[in-house]
Amino acid sequence: MFVNYFADDERSSPFNLAAARVIVAGWLIWKTMWYDWMTFVAVPFSLTPEFTWAIPPVMPGVVLTVEKWVLIGLLVAFALGYRIRATAGFGALLLAHLGTVRQIHITYGETQAMLIGVYFLLIYALFADADKLSLDGLRRTRTWTVSSLRDHLVSNGDSGDDGSEATDGYRLPALKWSLVVIAMIYFGAGVDKLFPDGPFGGFSAAYLGPEHLSRIVVVREVLYGWHIAIAPPLVEFPAAMTAAAVGTLVVELGLFVAVLAGISITPFVLGILGFQTAVLVMFGILFADTYPMLLTFLAWDRAYERVASGRQLDVVFDDRCYFCMRSLYPFSLLDVNGTIRFIPSSDAPDRYESREDVDFDQAMYAFDGGETHEGYHAFRELIRQFRFALPVVWVMRLPPVAAVGERVYRRVADSRGDRFTCRIDNR
């Protein structure tokens, strides 16, 4: 269910990294867009005056607001996979600055999670070249030869970074090292519970006693008015409170051990998610950042395989057209089930080439059993293969959209030799 990328960071598809990148970007956009920096800087006191140096000296509210929206713009580009090294790198710097300023008045988990987001962005920037299912991945195909692109499509993605070398999978180091960082953070939280005065301050078993969690339940009940029926009665069961404390330590410390040992992390991740949900129910404390952070390690490719279309589709493309093959490149990466067979027009089987209603020099074709789809409609059928894009397919079926789409496709197809590289590689 959850993947231990430290044990093996290779997957048959780059889908997981793309999904994780979108989750991280969406999480940080959601987290930062609601901050009202004009009100924030108007607060006349500070909890941590040692961080006041981070406040801009001139028009701080305006500067911080501009930083926020620049950060959101960078995160949108990062989600699309556009210039990941730059968007994630500069985004990390802005997020670190905003998090430091936020620390002046808010010192608990909300601000700390922003700094964890900085780690995520820096790691993704460091390993940007490994992100294939992105706009950067598509841009990198500019350095590929026509024959390399053709070989990549025919092998349905089982090729190297230049399309020329066979490979069994895709390395995802960004997920590997971000998992290590998250596991270390939880391990540190567990150690801090046992050594509250630091590693040299001596061991303390106070956290394991029933009094610790019972005190939190009572305080939250009295001061914050979070009246949940199941919380106060649990105070009467010391064994239950001790079991909850021990279980928390097991999942926090165990995650890091499981990562390093190369065993399944699923029980520990589910334990952490369950623990955080229990904290919400019992204490009214929501650690909302935990969920997106841990969901980046879910086996999204396995879930996607189960909902992806099982329909077999043959796509015959012009293997002399560089632009045409680059357009098909993302589809080859999304085809996790291997249900699409890309066929060069120069090698089209007789059952397709002998048809009177096809002309491979004029358009791309998609063959779905006995049905033939040409040009714009072939692209629509190709997109239909991916069920998450069914709303796009529905729009493409609308008569006005289809009429415009057919004209655009025909115009591009007829002028592709003038506007794009369309040639046979002579190497």
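Nothing in this text is a laboratory measurement; each read-out follows from the coordinates by a stated rule. No experiment lies behind these values; they were computed from the predicted model shown. Here the Cβ is made from the backbone with ideal geometry for all residues, glycine too, and neighbour counts use every protein chain on show.
Numerical summary
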read-out: Radius 13 Å from Cβ of GLY61, net charge of other residues (Lys, Arg +1; Asp, Glu -1); value: -1
read-out: Unit charges at the beta carbon, dipole of the chain: most positive-side option, ALA54, LEU71, GLY369; value: ALA54
read-out: Dipole magnitude (debye, nearest 20) for segment 61-213, charges at Cβ of Lys, Arg, Asp, Glu; value: 420
read-out: Protection proxy ranking of 44-53, 381-390, 119-128, 76-85 - average other beta-carbon atoms within 10 Å, highest first; value: 119-128, 76-85, 381-390, 44-53
read-out: Kirkwood Rh, angstrom, segment 249-341 [1 / mean 1/r, Cα pairs]; value: 17.0
read-out: Helical segments meeting 20 Å axial Cα length and Kyte-Doolittle 0.5 threshold in the chain (DSSP H); value: 15-32, 60-80, 84-102, 109-126, 173-194, 238-261, 266-283
read-out: 29 Å Cα-Cα reach of LYS193 towards lysines, excluding residues that sit fewer than 8 places from it in its own chain; value: LYS31, LYS176
read-out: Cβ crowding within 10 Å averaged over residues, with 131-142, 203-214, 315-326 ranked highest first; value: 315-326, 131-142, 203-214
read-out: Farthest toward positive dipole pole in the chain [+1 Lys/Arg, -1 Asp/Glu at C-beta], among ASN337, GLY284, CYS324; value: GLY284
read-out: Charge sum, other residues only, whose C-beta stays under 14 Å from THR87's C-beta, Lys/Arg counted +1 and Asp/Glu -1; value: +2
read-out: Principal axis box of the chain, alpha-carbon based, largest edge first, Å; value: 82, 53, 44
read-out: Rounded to the nearest 20 debye, dipole of the chain from Cβ charges on Lys, Arg, Asp, Glu; value: 800
